[in-house]
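The values are calculated or read from the model by the stated rules, or taken from the named source; none is laboratory data. Predicted, not measured: the structure shown is a model, and the values here were computed from it. Heads up, the Cβs are rebuilt from the backbone with ideal geometry, glycines too, and the neighbour counts pull from every protein chain shown. We work out accessible area using only protein heavy atoms, side chains counted, and drop any ligands, DNA or RNA first. Shrake-Rupley method; radii C 1.70, N 1.55, O 1.52, S 1.80 Å.
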Amino acid sequence: MVFARRGGPDSRRLLLLLLLFSIWEAGSGQLHYSIPEEAKHGTFVGRIAQDLGLELAELVPRLFRVASKDRGDLLEVNLQNGILFVNSRIDREELCGKSAECSIHLEVIVDRPLQVFHVEVEVKDINDNPPVFPTTQKNLFVSETRALDSRFSLEGASDADIGTNALLTYRLSPSEYFSLEVPTTDELVKPLELVLKKPLDRERDSELHLVVKATDGGKPELTGTLELHITVLDANDNAPAFDRAIYRVKLVENARNGTLVIRLNASDLDEGSNGQILYSFAADIPPKTEATFHIDPVSGEIKVNGKIDFEETNLWKIQAEAVDEGSPPMFGHCTILIEVLDINDNAPKLIVTSLSLPIREDAPVGTVIALISVTDPDSTVNGQVTCSLTPQVPFKLVSTFKNYYSLVLDSALDRETTADFKVVVTARDRGSPSLWDTASVSVEVADVNDNAPAFAQPEYTVFVKENNPPGAHIFTVSAVDADAQENALVSYSLVERRVGERLLSSYVSVHAESGKVFALQPLDHEELELLQFQVSARDAGVPALGSNVTLQVFVLDENDNVPTLLPHRAVGAGGAVSELVPRSVGSGHVVAKVRAVDADSGYNAWLSYELQLAAGAMSSPFRVGLYTGEISTTRALDEADAPRQRLLVLVKDHGEPALTATATVLVSLVENGQAPKISSLASESIASSEASLVTVNVYLIIAICAVSSLLVLTLLLYTALRCSARPINGACVPGKPMLVCSSAVGSWSYSQQRRQRVCSGEGPPKTDLMAFSPSLPPVLGSAEDTCQRERQVEHLKEPRQPNPDWRYSASLRAGMHSSVHLEEAGILRAGPGGPDQQWPTVSSATPEPEAGEVSPPVGAGVNSNSWTFKYGPGNPKQPGPGELPDKFIIPGSPAIISIRQESANNQIDKSDFITFGKKEETKKKKKKKKGNKTQEKKEKGNSTTDNSDQ
């Protein structure tokens, strides 16, 4: 007898679902392969590299690898040819059990850039498992009085395969008493029933041996057998009967031990011991079922006795039987189906793989950083998982396939702002209560050279004294780079340029690592006052970034130049100056003037003159002006004075230590009538010596004259051009300079061979002062006549009283230096066309409206040759021709100089001339000077008469 189990409409419905699922997978965008189970090692699966669009040559460099969360050793890829092949035995039943679908999910990962491909390999079932009965032999006890069509339940066979390979047909060995029948279509139960079709006769056949054969639908067919041993019994002819053949129960997983599952109910129509029923599980149930559940033999209650886990077993099928106590005993059978209900008892599980770290800070948005997979063994909503990230991080999660995510960059990174991120991924299911799992990913940001070295300020000012030793450290520059490692390694270098005729690198150098700046040679203030250059700082990144800083090195003056005497037109033997003085001159008569300059600046160039007395001499009828260098008589000469006087003048600057030079002046005292004769004899001797010199070296003289003529012509042209320029109103422009000469009372002298002019910056330029170099050649004869006429005009003017209120200038107390050398009581004028150089001014603190102020140029303590005298607010008062301001300030000191205009014959006391912060003018001195005015005018008239007579 053959019985085939037919699916009918259910089979067609299953095939339709399989077809729809295959169509859905084909459109999902993933690779799909299929192989039969039990394929041999090395079986070809597919050309995976070619199908993914990858070149064979880039598989190894890009770290091609295959990962599987199930079993990673089943399939392997040959990196030489890109073929996916079977690596080990694949048993579909072990891998997927009774699931209709069975596939191996592979993740194909390549780096540079990071890419992920999803590949599914379907494992097809082959008929490799025969049908298996729960037991190979079953004993049945059947009473001979059993009615026809009595049914005896048999447990059907099971086949581990699926589909047609698991479609079983049953055949019973030939028997005249029994037949085999499949009475139900319930796929979960699939019972077999042995039907009695002929009354039994114990006396004829006390035992029957039958064989049930199960055959599957595979090719080739596989079979399984069950041997039935039937014992024919006598008497007890009513078996116990259950009220239902199949019991269906729902049980929540994780139910506690002792929980009642169901109470079975069976009845027996017999009486007495033949009607007393005992319940038990079938003898062939699995041990696991017997360990999980317990049945009470009397009451028939089935209770939980072990762990109920939906993820392990979601459906329990238990065979139970009821037996009476008759002799022989009669049995009744039923099936209990226990469906386990899932609860949310499993939290999601996160797995982070394939970290691509560290990530560069210039990585583009969308760069894949890590792959994340999540699993939850629960079902329905309890197994539905959503993933999220910690807020305020520049990353996001992108779902790639089912429960697979990619952690990608969502916004730009900046390592200098945040060097690393701790990203927490949270997976949360939708159960109630919800369960979750977290995974932490530390993302380190790799540095990119995107920050240039930065200096604290764009410019530095450095003060260095001249005559420094070679290699002296003068300054240190420092730049900071916000990058890291080699991108923050800063090196320094000079920005090369030319300083005059020489390269900058011949003056200074900078250490590449420390940034220390060294002076390679001694600096000379007289040669170079300001050295301005740039230092470049560059990092070691690729490409390198850099920035520059400007250094202004001011060379401060040192007293390293000795005062230099200017040549005099009447120089005798040995460099001494010879002068003839009539004995009739009175007190205060100017005999000669010693002129000297100092190449230094400020106090180092401020010269003073002293008269050195001869050894043994108590006094001398001559004196020298402290700052003018003018040698004058202290009293009227008499016959007791030696006719030949040798005067030694010591010229000394104000430096530390002071440097000196000496000048010798030979003064010959003559009578009034002898002075012209001696002068003529001296002129004749000079002329004769010159004539002899011409005859000796006439060619040399001609050459010197030619050069001198060219020089004079050049100066005349330059003067004419300067005088022809007209000043522009309201601006500081070059104009015609006025001649500045020294008078009988003094002059200014300067160390630098240049002229400068100070402008206020608002309104017309101030022309109170013009500075000039004392080292220029002596002026022409016409200029000397002009100076002589100005001196005569000065003798006729009233002296201007100085302002006795001396005050300090706050800006000058700060230590500002100047290159101005003060000479006693000089006349300072400047025409509207003086040299032009705009400087901000620093004024004295004189509060009186009539008081003047002097404005030196601001140069951070370096040389300046421009000084401006101003009067009161708005400067309404300007000195007239030959006039001087009441007072001015010594550059670089708090001393305020008072300039007095006195006649040539008046005796000048330096205590009346300079005061340092005190009121030295007293009424007694004023009265003394006024009393001498009449006598001075008389002496001046006599001197003028004597000069005209001579």
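Side notes on the structure shown:
- Region 108-226 - convex hull of the alpha-carbon atoms, volume per residue in Å³: 128 Å³
- Packing-based ranking, highest mean first, of 471-483, 255-267 given that Cβ atoms within 10 Å are counted: 471-483, 255-267
- Tail weight of P(r) past 16 Å, computed on alpha-carbon pairs of region 578-635, percent: 53 percent
- In the context of the full set of protein chains, residues of region 366-428 present 46 Å² of accessible surface per residue (probe radius 1.4 Å, heavy atoms only).
- Hydrodynamic radius (Kirkwood) for region 254-410, which is based on Cα pairs only, to one decimal in Å: 20.3 Å
- Within the accessible area of region 235-334 (1.4 Å probe), percent carbon and sulfur: 49 percent
- Accessible surface of region 526-600 [probe 1.4 Å, protein heavy atoms]: carbon and sulfur percent: 53 percent
- Equivalent-ellipsoid semi-axes of region 359-478, from the Cα gyration tensor, Å, largest first: 56, 13, 10
- Sequence-ordered 3J(HN,Hα) estimates for region 214-227 from the Karplus curve with 6.51, -1.76 and 1.60 and θ = phi - 60° stand at 10, 10, 8, x, x, 10, x, 6, 10, 10, x, 10, 10, 8 Hz, glycine and proline given as x.
- Dipole magnitude of region 394-468 about its Cα centre (Cβ charges: Lys, Arg +1; Asp, Glu -1), debye to nearest 20: 520 debye
- Calculated SAXS-style log₁₀ I(q)/I(0) at q = 0.26, 0.29, 0.31 Å⁻¹ - region 256-307, Debye, Cα scatterers: -1.00, -1.12, -1.19
- Proportion of all alpha-carbon pairs of region 529-677 beyond 22 Å (%): 55 percent
- Amide H to amide H, with H built 1.01 Å from N, residue 126 comes under 5 Å of 37, counting only residues 5 or more places away or on other chains.
- Which listed pairs, of 138/197; 98/317; 98/402; 40/213, have C-alpha distances above 25 Å, in listed order: 40/213
- Taking amide H positions as modeled 1.01 Å from N, with prolines and chain starts lacking one, the residues under 5 Å from residue 264 and 5 or more places away or on another chain are 301, 302.
- Per-peptide average of other Cβ atoms within 10 Å, ordering 368-381, 439-452, 193-206 highest first: 368-381, 439-452, 193-206
- Solvent exposure of region 580-637 amounts to 35 Å² per residue of accessible area, where only protein heavy atoms count and the probe is 1.4 Å.
- Neighbourhood net charge (14 Å Cβ-Cβ; Lys/Arg +1, Asp/Glu -1) for residue 434: -3
- Near the amide H of residue 580, within less than 5 Å, lie the amide hydrogens of 668, all on another chain or at least 5 residues away, with H placed in the peptide plane.
- Solvent-accessible surface of region 498-553, taken per residue with a 1.4 Å probe and all protein chains present: 47 Å².
- The magnitude of the dipole of region 476-590, with charges of +1 and -1 set on the Cβ of Lys/Arg and Asp/Glu and taken from the Cα centre, is near 520 debye.
- Per-residue ³J(HN,Hα) for region 462-477, Karplus 6.51 cos²θ - 1.76 cosθ + 1.60, θ = phi - 60°, Hz, x for Gly and Pro: 10, 10, 10, 6, 5, 6, 5, x, x, x, 5, 7, 10, 6, 10, 9
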